[in-house]
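I have placed the structure first, in the form of structure tokens, so that the comments after it can refer back to it.
The values are calculated or read from the model by the stated rules, or taken from the named source; none is laboratory data. The model shown is predicted, which means the values in this text are computed figures rather than measured ones. Note that each Cβ is placed from the backbone with ideal geometry, even for glycine, and that neighbours are counted across all protein chains shown.
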Amino acid sequence: MKKFLGAQTVRFSQPPTIKAAASIVGPKEGEGPLWQSFDVISPDVLFGMDSWEKAESEMARQTVALAAQKAGLPMEEIRYILAGDLLNQNSGSTFGMRSFGRPFFGLFGACSAIGEGMSLGAMLIDGGFADYVIANASSHFCGAEKTFRFPLELGTQRPPTASWTVTGDGAVVLAARGEGPYITAVTTGAIVDMGVTDANNMGAAMAPAAADTLITHFKDLHIQPGHYDKIITGDLGKIGQDLLLALMTDAGYDLRDVHEDCGLLIYDRQGQDVHAGGSGCGCSAAVFAGYLLNQLRKKEIKRLLFIPTGALHSVATVQQGETMPAIAHAVAIEA
Amino acid sequence: MTLLWAFIIGGLICVVGQLLIDLTKLTPARILVLFVVAGCLLSGIGWYQRLVDFAGAGALVPLPGFGHILATGVKKAVDERGLIGVITGGFTAMAGGVTVAIVFGYLAALVSKPSGDTP
Amino acid sequence: MINQSESAKQGYALLVEQASPGSKLAANSLRAFFVGGTICAVGQIFKNALLAVGMTQDNASLVAACILIVLAVLLTVVGLYSKLGKIAGAGSIVPITGFANAIASPAIEYKKEGLVLGVGAKMFLIAGPVIVYGAMASVLVGIVYYFLR
């Protein structure tokens, strides 16, 4: 039976279930408004390691192990691990997952990684290729600063449009059977580039990608935004959110009542001095694995459209003056 | 009196840098380069020395002052050694400051560990 | 689908500009002024003291600058220079202390990559261009001066 429809959407015939999830975050995220929803708040941003890179890998390892444990599954039962992060060559994920000895697909979708992982994981399961899959995404403020910006101890100011990379990780265990919540459909984003060149304004680069995927999703499934209780983007931040709402209004969709953004949920934007909001792979992943999944379980959200967003630039492309391509993957979830 | 002018002129040079950052999105590295080159050229045509005479450290401590030291160094070397001075003057003049920065920067790396104290 | 034509991109650029808050120019400039001015005044105090103990003008300037450099490196090590930079912006970037911070901070950050390719090479990540362009400008000034003096 054909499972794909419209331009970019897949509707699952036997919707995979979200069996369990785990989230581990750093101390700053633990001071944010969602602190109660995370499984572990590490007081140590180094996670007992001696470099930022090792710290991120250790955080990813701990989160995936915890997710499998919460699902009641020994690691050998996991058919695939799909994981992504922001470090060069995806090393946060590969070094984090290497000790598990399970089949591994490394993903790069920048901060959309958890959406990419959940989409592919659900396809693997509904396709009959696996019964249990873990999707994971991690980011680390210090590692991201080192990779994309400046040394931590350099005295610089961030512009008001900049975002704050979340130190955090979210792992989601998908299963063929279970009590839900269920992933009912996914819309895989196309790469969208509206010509934004300012790497300190990622929300502006990503908002058109989110709009593009949303419009396609609504058209492919012949639904309106009101179909969902919440439509939650990954890490657009304040500026990106304003731009997304404007773009969607232009396209004839009103999201104002249903839209929220993980980057705005995870921090207290005024009190924690994070400028535009949170960002990073771990932002949407940890917010989903903690806060959003809790809301789905409690049926406070019955229908959720989760749409992690990613800016697909590198240091080299920015220095070469290239524009910033972006992507957004929509995952429809029903409690 | 020089102390007051050092404060005012030094502060104003920094304000120029701040406006460049906020209005042009120039990165700090570019600001530093721009200021050193500007100081060197302004000193080359003799203007910067007047600011130094007037504001002392207010003109010497900001990065244009670094450029000024390069320019006065190269002029002095040219006076003493002719064309050879062109290639020795700049580095000779910056040797002291740069060496201290390298030595202490290196020591800083030796004693430091990654800290969780994020800015 | 989002329209990605050139004219749509131009329209979007305007939208982005409207949505993106600008930096607080007055407040940022004021803080840069006070912190930058203070660093220079401290340099002048050091220089005056060195002159008072009988140093020549040139030596006093150099030693005063070196003291500022050492202090900036110390503040970098204890994590205070980055905090100062967040408040002061150009006020702590433009003085020679900013140059010292630009050398010390990557040296610390890249220590894990080893003493040669980490500390040794990355030390000049931000300050290297200053030395390169400073040298270029000094050669230019030297050549012009040689022919025009």
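Couple of notes before you dig in:
- Filter result (aliphatic (A, V, I, L, M) and part of a loop (DSSP other than H, G, I, E, B)) within the range A:112-138: A:Ala130
- The requirement of being in a helix (DSSP H, G or I) and under 19 Å from A:Gly32 (Cβ atoms) is fulfilled nowhere in the range A:311-327; no residue meets it.
- Top-ranked residue of the range B:28-70 - restricted to ones that are within 7 Å of chain C (Cβ to nearest Cβ) and part of a loop (DSSP other than H, G, I, E, B), ranked as nearest to the chain's Cα centre (by Cα): B:Val61
- The requirement of being touching a Ser or Thr at 6+ places or on another chain (Cβ under 8 Å), closer than 20 Å to A:Asn136 by Cβ, of a type outside the set (Val, Ile, Thr) and not assigned by TED's automatic domain parsing to the domain that holds A:Glu29 is satisfied by A:Ala289.
- Scanning the range B:13-27 for residues that are more than 7 Å from chain C (Cβ to nearest Cβ) and part of a helix (DSSP H, G or I) returns B:Val16, B:Leu20, B:Leu23, B:Thr24.
- For the range A:11-62, filtering for residues that are surrounded by fewer than 21 Cβ atoms within 10 Å (Cβ to Cβ) and assigned to a strand (DSSP E or B) leaves 4.
- Only listed residue being farther than 18 Å from B:Ala59 by Cα, at pLDDT 95 or above and surrounded by fewer than 17 Cβ atoms within 10 Å (Cβ to Cβ), chosen from C:Ala72, C:Ala107, C:Ala102, C:Ala13: C:Ala13
- Residue match in the range C:22-42 (condition: over 21 Å from the mean Cα position of the chain (by Cα) and either modelled with pLDDT of 95 or more or within 29 Å of B:Leu19 (Cα to Cα) (or both)): yes
- Residue match in the range A:172-190 (condition: more than 14 Å from chain C (Cβ to nearest Cβ), among the hydroxyl-bearing types (Ser, Thr, Tyr) and part of a strand (DSSP E or B)): yes
- Test: residue in the range A:88-111 that is within 14 Å of chain B (Cβ to nearest Cβ), surrounded by fewer than 18 Cβ atoms within 10 Å (Cβ to Cβ) and not in a helix (DSSP H, G or I): no
Quick grid of which residues meet (1) closer than 26 Å to C:Gly118 by Cβ; (2) of a type in the set (A, V, I, L, M):
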| residue | (1), (2) |
| --- | --- |
| B:Ile31 | yes, yes |
| B:Leu42 | no, yes |
| B:Gly65 | no, no |
| B:Thr72 | no, no |
| B:Val103 | yes, yes |
| B:Leu110 | yes, yes |
